[in-house]
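To start, the structure itself, in structure tokens.
Computed from the coordinates by the stated procedures, all read-outs in this text should not be read as laboratory data. Computed from a predicted structure; not experimentally measured. Please note: Cβ atoms are built from the backbone with ideal geometry, for glycine as well, and neighbour counts cover all protein chains shown.
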Amino acid sequence: MPRVLLALFLLGLPASLAAGEAQDRLDELLGVRLDPTRCWRIRDLFLEREDFKFYLNDGYLILSEPYHGRDVAALFLAETSLDSGELVLIPPNTGERESLARFTGETVLSERFTSALMLFSDDTAQQLIAEIQSGASAKPDPAKGEALRERWSPVLRNILEGLAARLMHDALSQAPLEDGFFAAAIGGGRHGRFDAVVDPQMHQQVLVGQAAWRAERRFYEIWCQFQSRSVRSGKRERLQSMGALENYDLDVELLPDLSMKVTAAADFVPGRGGYRTMGVEIAGRLRVSSVRLDGEPADFLQLDTASATAAARRENSLVFIMAPAALEPGRPVRVAIDYEGTVITRAGEDVYYVGSRANWYPRAEPGFTAFTMTFRHPAQLDLVATGKLVETSVEGDVRTSKFQSGAPIRTAGFNLGHYAKTSRQTDGYSIEVLANQVIEERLKPQSSAAVLLPDLTGPRRRGPYPVRQQVVVPAIAPRTPDPAARIEELADSDADAFHFFLERFGPPPTQQVIVSPIPAGFGQGFPGLVYAATLSYLSASDSPLDKMNESDRQFYLELLRPHEIAHQWWGNNVSIESGSDLWMMEALATYSSLLYVEHKRGPEALRAALRDFRQHLLGKNQDGEVIESAGPVSLGERLMMAKFPTAYRLILYEKGAWIFHMLRGMLGDEQFFGLLSELSERYRLKELSVDQLRQAAAARLPKGYDDPELQDFFDQWVYGTGVPRFSLTFETKTAAGKTVVEGVLRQQGVPDNFVTPVELRLEADGAKPVVKTIWTEGPESAFRFEVAGKDPRVLIDPNERILAVR
């Protein structure tokens, strides 16, 4: 998971405020205006921020008033047609240059602009002033400064609202300038308004991005993001995290209307010292009423997140907390937060949807830790949660249930409803399956209207005039699916899938797994708690599954539940360090579900599913662009983009599954399953990086393999895009009583330097098949066979081990 806490562009307008010093400091910050006494007419001023180069050729530069002794903002403005600024950025690697080109059409950003509103907590102001004092053409112009102050200070306030917590944190804690951030809102150029960011607190410190709209949906598209020049060169290290929350104790009261009141307590362990402030994320629909540090009341602000952030995509707000004194690194502070709100909605009679599943409690830097959760809830409802149920009691119409995680976990969740239940035991583990007893409203079939038909027996006379009679055909009430009808069958298959994974991957983090329904079209796998879509409980003949295409129906009936169960290993046992690693967990869970399908129905079922995945990836968006071209799997959440609204799911899950299938083909089954077992054991309750995956896989390659470190494979399939198209031509001749086949394998749709092993199989009448693997060498690669048979035929990749069109 990428580092987001207190990172740039995190906050928006205050959602709720607590009186005290925090409120006063926020008011002071939002009162900062541009300073007319520090306004200059400038020419040829240069500013360098890591990989960004700003050339302020001609225009005006004005600084803001200081905030607690620190400069926090500056504005460059080109006023005339001859004025301009220019921003130059050269991404340091091919993948990020290609990413930039997808949005701008160019691999290098060279943008002329007319405005740059800069906010910062680093030494940007000092660098600008030093440039002015060192001889850059600059003439003070306080009169112009007054005009700019009136016109631009309201804009500045809006931007300050979006950066309030970070600016307050850095200023009030007197954070070192080298740890500060820089952000510029660039306007007036070819590409519209976009952001240029440097933040040493981010996992990848340099970012360029822009807000975009598609079908009334807002996206924040990251054009490129990479490690800063100083980190790449080794001049500085990436900053440690601000801190983590450990040893949670969550006390939850669910009221009859299903709103919740919670006291969440945890140890905040500072990663770096000297700071007075801390921040935690929580669902935006929940309102914080009080905060305590080591039992004493603390000032706080709860602020809504700006739409440009990962926090906003999670619909989170941020709770900004002020400590009475600087925090010591490594010394825990017990944080207690009281809050309330609603995350549960009714989806039907005794059917409930739990929203904000990953952020219903305060979150900081993700990590493995212990959870204790106590729920008081209406006794007529069943409540299940992550961990082991250690205590339960009923008093009146309220049930109290206490859960403990046992092993450290990263995420805790709960679910509730009026469930049918069954369970299975396998190898000392318990698999409990729950089902709603009534289907949610959105899936109930609609009754057809009554129909009036003419009586075809002819007119009847009851008077002087014939009267045509009508026959009323009553409405047909369609069968309503029963989500609990297959519960025993599902328990058998869920337990069987769990056993299949257990044999191959080793022990998961918990001794019990509960599979529970969620009235939605997706699933989710928490430690010991699986949310499975209602559709995965139904039969193929039930509506709406009976109207789906075969691929979608297979997803719900065969893939979704094993995928989420597999997350017990991939995501809950083994985790990831950063957003560029995210694809591994989803790809491993997806491919694990395919392995289970193969186990149940044979290799052809797996290959058929992979063919569907390939077809999805080669589909096109509304602009006619191939979905796979949206970007490599390593982009992670950056694949959520306006032009390709389905790219994130298809590329991370389905192309990712293909990547592991191709690794399996290279390693062979014995080494491939050995790799999965090794990853699960070596990285148990740890974070796995892509490079660690590459090294572990390379160590299991056959001796003499042409890509011994798998560098080409990962560069092409993980960090690159493109699906090769293979075709071939060949000629035959007879020599020494044998048929000689000589031909050319052609490769298109990928760069000329794309190399991959391709299996060719020669079949001929009267002879055994001959198999040969050749490595592509550019657009054309020669091959040669000798065979004793006649009428030779050459098949490309007959076992379908490569994501390719043939």
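From most to least packed by mean Cβ count within 10 Å, the peptides 286-295, 115-124 give 115-124, 286-295. Sequence-ordered 3J(HN,Hα) estimates for the range 540-546 from the Karplus curve with 6.51, -1.76 and 1.60 and θ = phi - 60° stand at 4, 7, 7, 6, x, 4, 5 Hz, glycine and proline given as x. Span-like helix check, the chain: qualifying full DSSP H segments, with Cα axial length of 18 Å or more and mean Kyte-Doolittle of -1.0 or more, are 142-162, 487-505, 582-601, 603-617, 669-682. Within the range 328-359, find all residues whose amide N lies under 18 Å from a label point positioned 7 Å from the Cα of GLU253 along Cα-to-beta-carbon. Residues passing the 18 Å test: 336-344.
Taking the Cβ-Cβ separation of ASP546 and PHE522 as r and a Förster radius of 35 Å, what is the calculated FRET efficiency to the nearest 0.05?
0.95
In this simple spin-label model, placing a label point 7 Å from the Cα along the Cα-to-Cβ direction at both LYS620 and HIS68 gives a separation of 5.5 nm.
Computing Cα extents along the principal axes in Å directly from the structure and comparing it against [x] 96, 63, 53; [y] 89, 88, 79; [z] 157, 43, 42 singles out [y].
Segment GLU349..ARG611, full-extension length gain: 90.3 nm, with 0.36 nm per residue of separation and the alpha-carbon distance subtracted. The helix-only estimate of mean residue ellipticity at 222 nm for the chain, built from DSSP H runs of length n ≥ 4 each weighted as -39500 (n - 2.57), is -6500 deg cm²/dmol after division by the residue total. When each of the peptides 756-769, 518-531, 711-724 is scored by how many other beta carbons lie within 10 Å of its residues on average, the order from highest to lowest is 518-531, 711-724, 756-769. With both residues required to sit in the chain, DSSP beta bridges show an antiparallel share near 90%. Exposure proxy shown here: for ARG682, ARG25, the number of other Cβ atoms within 10 Å sets the order, fewest to most, as ARG682, ARG25. Distance between the pseudo-spin-label points of ARG214 and SER289 (7 Å out from Cα toward the beta carbon): 4.3 nm.
If you take the C-alpha gyration tensor of the range 584-717, multiply each eigenvalue by 5 and take the square root, what semi-axes do you get, largest first, in whole Å? Present the calculation step by step, with values, prior to reporting the outcome.
Details: eigenvalues 131, 65, 43 Å².
Rounded to whole Å, the semi-axes are 26, 18, 15.
DSSP finds beta bridges in the range 31-232, and of those with both partners inside it, around 100 percent are antiparallel.
Peptide packing: for 613-622, 316-325, 692-701, the average count of neighbouring Cβ atoms within 10 Å per residue gives the ranking 316-325, 692-701, 613-622, highest mean first. Evaluated with a Cβ-only charge set (Lys, Arg +1; Asp, Glu -1), the range 725-796 carries a dipole of roughly 180 debye about its Cα centre, given to the nearest 20. The modelled label-to-label distance between GLN437 and VAL744, using points 7 Å beyond Cα along the C-beta direction, is 7.2 nm. With a cut-off of 18 Å on the backbone N, the residues of the range 530-551 near the modelled label site 7 Å out from LYS421 along Cα-Cβ are 530-532. Along its principal axes, the range 725-796 has C-alpha extents of 40, 18, 14 angstrom, given from the largest down.
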